[in-house]
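Below is one structure; the comments refer to it alone.
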Amino acid sequence: MRRYMAAYVELTVREMVENEFGSDNIAVHLERIKECLEKCDLMSVFDLDSETGMKEIDVVMLQALLKAYKNQVIDQLRLALAWNRIDVAKSDIFTDDKQWPTGILDDVMFSAIQLNRVDFIELFLDHGVSLHEFLTKKRLLQLYNRIPNNCLLRSLLTKIKVREDPQRKNFSLLDVGMLIQSLMGDTFNPTYMTKPEYANIDVDHLLDDDAPAKTTETGLKDIAMVMLNPARGLDDIDGKLKKPNEKPLPDFEQPCQDLFIWSILMIQQDMAKTFWVEGKDAIATALVGYNLLKMLQKKTDYTEFVITIQGCIDEWSELAVGVLSECYTTDERNAQDLLMRELSNWGNMTCMMIAVKAVNKEFISQTACQSVLNSIWHGKLAPENSVLRLFVCMCFPFLIVPLLKFNLRMDPSSSCYHPQAMASGSQPRKVCSRHQPSQSKPNPPLSQKSKPKLYKMENRFSKTSDYSEVQKPNELHITPGQKLYYFFTAPVIIFMYNVLSYFGFLSLYTYVLIFNFAPTVSVLELVLMVWVFTILSEEVRQVVTRSSTTLVSKLKSYVTDSWNIVDIITIILFIIGMIMRFLPYKDTFEAARVVLALNFVSFCMRLLHIFSVHKQLGPKLVMIGKMVQDMMFFLVILMIFVVSYGIASHSILYPNSPLAWSTVLQVIKKSYWNVYEELFLDEIEGNTKCTFDEILWGNGTYPRCPSNVGRVIVPILMGVYVLLANVLLLNLLIAMFSYTFTKVQDNTDKHWCFQRYSLIYEYYERPVLCPPLIMLTQLYLLVRYIVTSLCGSRLKHQDSSNDFISGRKLKHDRELVQWEDVIADAYHQKKEQKKSRVWNSKSCLQMTC
């Protein structure tokens, strides 16, 4: 219905138009005003001259647009999302009277994730968006393929795609899985690589066509099923039969985890925290975020970007440590279970394994982690047994039964008890049968074959500990035979025996070098060679039994430990010395003596690794390592001064010197020793007996006299050189050492705890026998490997069937996960409340000022 103005209103409006726009075209303006009045329900009146007029004009404009789309709720949401006005969305769109059907917000949710609108994502999740239904394979692939061109993630995925399949147009989930594995380490197995429904997606077909992609493998399987059972049809995708009234299974079991990984790789911290809160396994997820960001930080050189990532890294470390501390304060045993629990969603790793891979020293130094390490280190031995008592029992094993205390506990509801590994290991000690009655006696000790290890070649992780087995532990009676077994298989005892063995090896090496190194090979030298061979074979075993999948990755993992590099250098020097020792030349025999003497020094350096277990000496090793790094950089600067001064001074003192190695050595020698205040003033000033005759100083009869100019210029040049090199540079080195010492000293406990983990890991997986008797164990392992390989899958199946303990889930796994989620939510809320209080305090101060 057309609206009309009253005569007096039209007259008033005419006067107003004339005052504002003049007398021209008044009729046209009046007609336009009448047309606007026909849709006055879409008009909004706003006073620009008010105090808040200019500040709220965008809100009024948005509300006017929402009014225009009054019956189109999704369009209203898109407008609010584009304008990033969460307050308008809450007040005008998400009202109490509106019902949101399932799936109606999915497209807007996808846009919010792409635009990094965290407030809208939380709002949609609160109003019924189900991530299981929202996150499909296509949507996740679209997220990874719509990355901005200048994003670090796109460049990393491009490198992988070009290497794997340059003809493919889009990134696949297999590319993402390979990227995650390269960042987390090859022991981490992402589901994108292990599950065929993710790895075999035809991504180009899926993203380009509306029809869902089907891989060749899945298609052949479906055709075969239809041929065998025509009534079944092709509704069974990937072998999962869908009933008529049954909802389709979600594409991802843990959509929060997949979106969390995407957010971390995109370095969108707030969004990642949102999905961290929505998901489960809070500690492990935070550690994964820490690890991924730490590796991404190494992929870029932009300073601001590095600083931003470092802030995110610190926040994830704080979250992981905070949740673990809250869990440990609430229940110590459950907190230790969280550290030992196998995480199927995170590549079958454990929290401690993820933290070690990321070198998160803050996390490893927590009380919960250290209590687990203590239990592993002592095995079944009670911690109150002193070192002196253990040493006495090592020398006199018959005193083990009456002298030592053991700490063996078990769950009344379970007949299996054993110390478990902190990460994946070999076959654990199986002390009793799972089906054995609880009142029966435990089985006798097993052989070396069942000795637990920290790492496993099959990447399987232990999921229980003697802490996690019980709620109310009961002491058990231990037979003398079991006490002997538990004593000799405890890592602390294996460590002490290896230390004593190594001291015996050094004593034998010392005797051979000083008293018994002759052209004729003695029996002691043969013993020494066999001893070193057993050390070499142990290093080979450590490489082979690493949890990495390929030999190259095993070697890379092995050489990441600096002590392993020392071992390699030491063994190579010994082999070179022995080869030279058997050559039939006198000069090579003397050279062999020198090489073996230097090799003895490197063997002694390996003793420093033993000190890692000591709380005071361990951090000193970290200081030495970092100071050596500082010294390497310092030597580069120092050599510039040494070489420049040496060449300049020698050219002035001895012009036209002959081209020979002796001249080069003389140039470097004098300038280098000048740094340590060996000035050679008698030679420079010509006070010693010398000659200018080229024949005499050329054949070495007399030293060459310095030139007259050199006697005057070089002492002055030396004074400047010594001032710079000795005073300035050496004091710079001292200052660098002081800074390194202070930095390490402030974090002594963290460095020691992480070093301690490495030492416990090494000796937890070592065989019981020490060198050279370790050869017996290695021969047994070699024979077992050969027999297993020849017998095929039958024997392997038997071995795995005996290894049911390490493959078993915790009895209260589901309750443990729920307990962790509750504590993580409470910790997050407490942290957010604290942050809001700080923010409110700052706002009040600003308003006061």
_With the cut-off at 28 Å, tell me which of the pairs Lys299/Lys620; Lys556/Lys626; Lys137/Lys159; Lys138/Lys834; Lys294/Lys831 have Cα atoms farther apart than that._
Lys299/Lys620; Lys138/Lys834
*Roughly what would the spin-label model give for Thr95 and Cys36, points 7 Å off Cα along C-beta, in nm?*
2.6
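Run the numbers for Val720 and Arg389: contour at 0.36 nm per residue of separation, minus the present Cα-Cα distance, in nm.
Working: separation 331, 0.36 × 331 = 119.16 nm, distance 6.14 nm.
Answer, rounded to one decimal: 113.0 nm.
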*Label-point separation in nm, Phe515 to Ser644, each point 7 Å along Cα→Cβ*: 5.4
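Once you list every other residue whose beta carbon is under 15 Å from the beta carbon of Leu681, what net charge do they have if Lys and Arg are +1 and Asp and Glu are -1? Intermediate values should be presented prior to the final figure.
Working: positive: Lys670, Arg711; negative: Glu677, Glu678, Asp682, Glu683, Glu685.
Summing Lys/Arg as +1 and Asp/Glu as -1 gives -3.
Taking the Cβ of Leu77 as the centre, find all other residues whose Cβ is under 12 Å away and add up their charges (Lys, Arg: +1; Asp, Glu: -1). Please report the intermediate quantities before stating the final value.
Values: positive: Arg78, Arg85, Lys90, Lys98, Arg117; negative: Asp75, Asp92, Asp106, Asp107.
That sum, taken over residues with Cβ under 12 Å, equals +1.
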_Once R0 is set to 51 Å, what does the formula 1/(1 + (r/R0)^6) return for the Cβ-Cβ distance between Gln310 and Asp165, expressed as a FRET efficiency to the nearest 0.05?_
0.90
*Which value, in Å² and to the nearest 10, is the accessible area of Glu694 when all protein chains are kept and the probe is 1.4 Å?*
130
_Built amide H within the under 5 Å cut-off of Met349, gap 5+_ = Leu343
*asked:* Just to confirm a number: summing +1 for Lys and Arg and -1 for Asp and Glu over residues other than Phe754 whose beta-carbon lies under 13 angstrom from that of Phe754, what do you get?
replied: +2
*asked:* Just to be sure I understand the model, the point goes 7 Å from the Cα along the line to the Cβ. What's the resulting His812 to Leu583 distance in nm?
replied: 6.8
*Determine how large the accessible area of Asp314 is when every protein chain is in place; take a 1.4 Å probe and give Å² rounded to the nearest 10.*
80
*Would you please give the FRET efficiency between Tyr302 and Asn116, computed as 1/(1 + (r/R0)^6) with r the Cβ-Cβ distance and R0 = 22 Å, to the nearest 0.05?*
0.65
*Hey, got the dipole for region 313-381? About the Cα centre, +1 on K and R Cβ, -1 on D and E Cβ, debye to the nearest 20?*
380
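May I ask you to compute the full-extension gain from Val523 to Glu318, defined as 0.36 nm times their residue separation minus their alpha-carbon distance, rounded to one decimal in nm?
Numbers: separation 205, 0.36 × 205 = 73.80 nm, distance 5.88 nm.
Computed gain between Val523 and Glu318 is 67.9 nm.
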*Links that overshoot a 23 Å alpha carbon limit, given the list Lys298/Lys357; Lys361/Lys483; Lys743/Lys835; Lys357/Lys750*: Lys361/Lys483; Lys743/Lys835
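Kindly state, to the nearest 0.05, the FRET efficiency for Lys830 paired with Ser344, given R0 = 30 Å and r defined as their beta-carbon distance. Intermediate results must be reported in sequence, preceding the final value.
Values: r = 29 Å, r/R0 = 0.98.
E(calc), rounded to 0.05, equals 0.55.
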*Please give the length that would be gained between Asp126 and Ala27 if that part of the chain were fully extended, namely 0.36 nm times their separation in residues minus their C-alpha to C-alpha distance (nm, one decimal).*
30.3 nm
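The values are calculated or read from the model by the stated rules, or taken from the named source; none is laboratory data. Fair warning: this is a prediction, and the values are worked out from it, not measured in the lab. Virtual Cβ from ideal backbone geometry, glycine too; neighbours counted across all protein chains shown. Protein only, heavy atoms only, side chains kept; ligands, DNA and RNA dropped before computing areas. Shrake-Rupley method; radii C 1.70, N 1.55, O 1.52, S 1.80 Å.
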